[in-house]
Structure formats: C-alpha cells, structure tokens
Amino acid sequence: MTIRPADRRERILSTAAAAFSSEGYAATRLSDIADEVGISTPALYRHFDTKYRLFSATVEQLSRRVDEAVSSVRTHDDPRSEFAAVLTAFTDMTFVHRAGGNLYRWEDRVLRAEDRSYTRDVRIRLNRRLRALVEAARPDIDRTTAQAVTIASLSVAASATTHRAALGRRAAVDLLSNAAARIVEVEVPQPTEAHVPAPGLAPTGRREAILAASVRLFADRGFHEVTVDHIGNAVGLPASGVYRHFSSKSAILAAALWRTADRTTDAVAAALAQAQTPSEAVVALAERYSELCVDAPDIMTVYMNGIGAVDESERRALRRSQRLNVDEWAAWVVRARPEVTTAQARFLVHASLNVATDLVNGQPGIGKPLVAAACAKALTG
C-alpha cells in the first residue's frame with residue numbers, strides 16, 4: 001500500500017502558489033502543478049477538485065501566514081519602533097515564501113466575493129495597524145498621506161516577490177525592512193490637487209486604436225480574460241479586422257510591452273540628462289518613472305503583470321531590457337550610496353519600481369510629487 005506523504009497538501013499549495021504567482025490564474029495548468037509535485041493529475045484532484053478551489057486555498061494560506069506573522073508582533077510604546085517591527089515580520093514572511101508572494105496581483109480578479117472576505121479582513125487589519133502607527137509617528141500629515149505611506153512601506157517590504165534578483169535571506173530582509181520603515185520619514189511635498197489623468201483623444205489609426213483599447217482591457221480584466229472579440233468590439237471591428245493588424249492577441253500584448261519598455265528606457269536617459277550628481281540622478285530616476293506610472297497607469301499595470309503571458313523568446317528579450325534599466329538605476333544608487341552593494345542596489349531599485357505601481361493602483365488620483373518622493377525614499381534611505 002502506498003502511503004501518502006504527510007506534507008503533500010502543503011507541497012501542492014506551495015507549488016501552486018509559485019505557479020499562480022508567476023503565470024497568473026488562467027495560464028496555470030493543474031497538470032503542470034501535479035508534475036512539479038510528483039503526483040498524477042487525478043491525485044491532485046483528490047485534494048482540490050477544481051483549479052479555482054486550489055487558487056482560493058493558496059490565497060487563504062498566504063493570508064494566514066501574513067496574519068500570523070503580523071499578529072506575533074507585540075505592541076510597542078514607540079510607534080516608529082512598532083512600525084519597523086511589523087514591517088520586519090511581514091518582510092521576512094514574504095521573502096521566505098517569495099515564489100508565491102505575488103498572488104495578491106491576481107486575487108481580486110479571480111476570487112469570488114464569499115472567498116475574499118478572510119483575505120480582505122487580514123489586509124484591512126494590517127493596513128489599519130500600520131496606518132495608525134504612521135499617524136502616531138507623523139502627526140503632521142493627513143489621513144490620505146498616511147495611507148500612501150502605508151501602501152508604500154508594504155510595497156517595499158513585499159517587493160522581493162516581484163523579481164528574481166539574488167540576495168541572502170538575512171541581508172534581503174534587513175535591507176528591505178529598513179527601507180520600508182524609513183518610508184515613514186518621507187518629506188511630504190506641498191499639497192497639490194489630486195491628479196486624475198484626462199482620457200484624452202483616441203488614436204485615429206486602426207493599429208493604434210487596437211493597441212490602446214487592448215491595454216485598457218488587459219489592465220482592467222487581465223490578459224487571459226480578454227478575447228480578440230472583446231478588443232474588436234472596443235474599436236468597432238470584427239475579430240478578422242483585428243487580425244489584419246496583429247497576428248495574435250499575444251502579438252498585441254508584446255507590442256504594448258515593448259512600447260512600455262522603450263518609454264522606460266527613454267525615461268532613464270531623460271532623468272540622467274537633468275542630473276549633475278549621483279544623488280540627483282537617483283531622485284531624477286524616481287521622478288521620471290513615477291511620471292510614467294501616474295500618467296499611464298494602465299500600460300504600466302500591463303507591463304508589470306503581463307510579461308508572463310508572452311512567448312518565451314519575447315519574455316527573455318523583455319527581461320533583458322528590464323535588467324539593463326535596473327542595472328543602470330543600481331549603478332547610480334551605488335554611486336550615491338557607496339555603502340550599498342550592487343546586489344543590494346538592485347533590490348532597492350525593484351522596491352522603488354514596486355512603490356510607484358502599487359501607489360498608483362492602490363490610491364488612484366495620487367499626485368506625482370508624493371509618488372516620486374516615496375520612490376526616491378526607497379532608494380536613498
């Protein structure tokens with residue numbers, strides 16, 4: 001008689017979390033998860049009878065780990081000390097489970113309302129605890145700014161889940177938790193009117209119209225949930241009309257990703273052109289990238305979440321382009337902060353990039369100056 005390993009369910013959940021986190025819900029196949037665990041697909045179905053139930057269980061497990069890690073941190077007399085302690089616990093948990101920690105980018109699109117309540121409650125408790133500590137530590141800022149600081153600090157703490165750069169656990173947790181805790185010290189820019197990007201005019205060319213409509217749909221629903229018919233309907237074309245301009249839905253996504261990659265590269269050159277010192281370069285890089293995210297939130301969301309959906313050769317080329325930009329940023333971080341190694345600088349750069357996208361998505365209408373200040377703080381300490 002074959003005896004099932006006692007930890008099989010946990011192994012399935014861990015493997016599934018990594019797959020969902022990397023590929024997204026729609027592109028993940030239960031057969032691939034079963035192969036990775038070393039069991040048959042029917043054996044996997046004995047634990048989880050549908051992909052949705054498996055996804056729901058992975059999100060619940062991640063939420064439980066967050067809750068347990070944060071709940072273990074006792075109350076401190078000093079709000080800054082407690083703020084740092086909570087972020088350290090959260091950073092360590094997310095780094096240990098780094099492969100699956102990016103699930104939060106998919107859960108809102110997939111989970112049914114009844115399955116989202118526990119995850120939502122955990123997130124709300126963590127957010128409120130940190131925001132209350134920010135408000136206690138920074139009585140000079142308003143509730144909206146305190147919320148932005150909270151989002152930015154959590155974004156830095158969890159940023160290792162969004163990339164594959166290498167750094168040891170202790171070094172990474174120390175680096176990121178310290179950077180996250182310092183976000184509370186950010187110099188808040190003078191208040192400005194909330195920025196809401198104007199819709200602007202639609203392109204008249206068919207190819208550009210298809211690309212613009214696709215970006216909006218991909219950002220709103222996710223790549224795999226959008227069909228060519230959806231895209232055609234958005235621009236008043238049949239699917240055959242879309243195919244006259246793009247060979248496939250993946251080709252549309254690839255065109256959008258390359259356009260964003262080019263904009264990001266151009267932003268690096270523009271930032272360096274306006275700087276005179278390494279410290280100025282670091283701040284200018286954060287400002288230019290923040291402008292991209294605030295002015296074009298949909299295309300930046302697609303860039304962050306859609307790269308896993310293009311074919312392998314395209315993905316490798318896009319990642320090479322991204323690495324070149326990250327390495328350029330990292331070189332200037334090291335010049336501005338000689339105590340930081342290149343490996344550490346890469347982690348800080350990814351943290352800064354994550355702050356921009358999470359702030360824009362988590363707090364629509366936030367102004368460019370505050371986004372840029374938080375992104376720069378993640379880099380400069």
request  = With percent of Cα pairs over 28 Å apart defined as stated, name the option among (1) 48; (2) 59; (3) 53 computed from the structure displayed.
outcome  = (1)
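Under 15 Å from the Cβ of Thr380, count the other residues' Cβ atoms, weight Lys and Arg +1, Asp and Glu -1, and hand me the total. Kindly include the intermediate steps, with their values, before the conclusion.
Working: positive: Arg182, Arg335, Arg337, Lys377; negative: Glu185, Glu187, Glu280, Glu287, Glu339.
After counting each charged neighbour, the total is -1.
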Which of Ser352, His97, Thr50, positive extreme of dipole for the chain (C-beta unit charges) = Thr50
key: Cα-based shape type of the stretch 272-381, given that a ≥ b ≥ c are square roots of the gyration tensor eigenvalues and the cut on a/c is 1.5   = oblate
inquiry  = So if I take the centroid of the Cα atoms in the stretch 138-169 and the same for the stretch 273-345, what is the distance between those two points in Å?
reply    = 17
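Relative contact order for the stretch 8-185: what is it in percent, counting Cα pairs under 8 Å that are at least 6 residues apart? Can you show the working numbers first?
On the way: 191 pairs, mean separation 47.5, N = 178.
Across the stretch 8-185, relative contact order equals 27 percent.
Quick one: compute the contact order of the chain, relative version, from alpha carbon pairs under 8 angstrom and 6+ residues apart, as a percent.
Working: 491 pairs, mean separation 71.5, N = 381.
Taking the mean separation of contacting Cα pairs over the length of the chain, I get 19 percent.
Since every read-out is calculated from the coordinates, none of them should be taken as a lab result. What you are looking at is a predicted structure, and each value in this text was computed from that prediction instead of being measured. We place every Cβ from the backbone using ideal geometry, glycine too, and count neighbours over all the protein chains shown.
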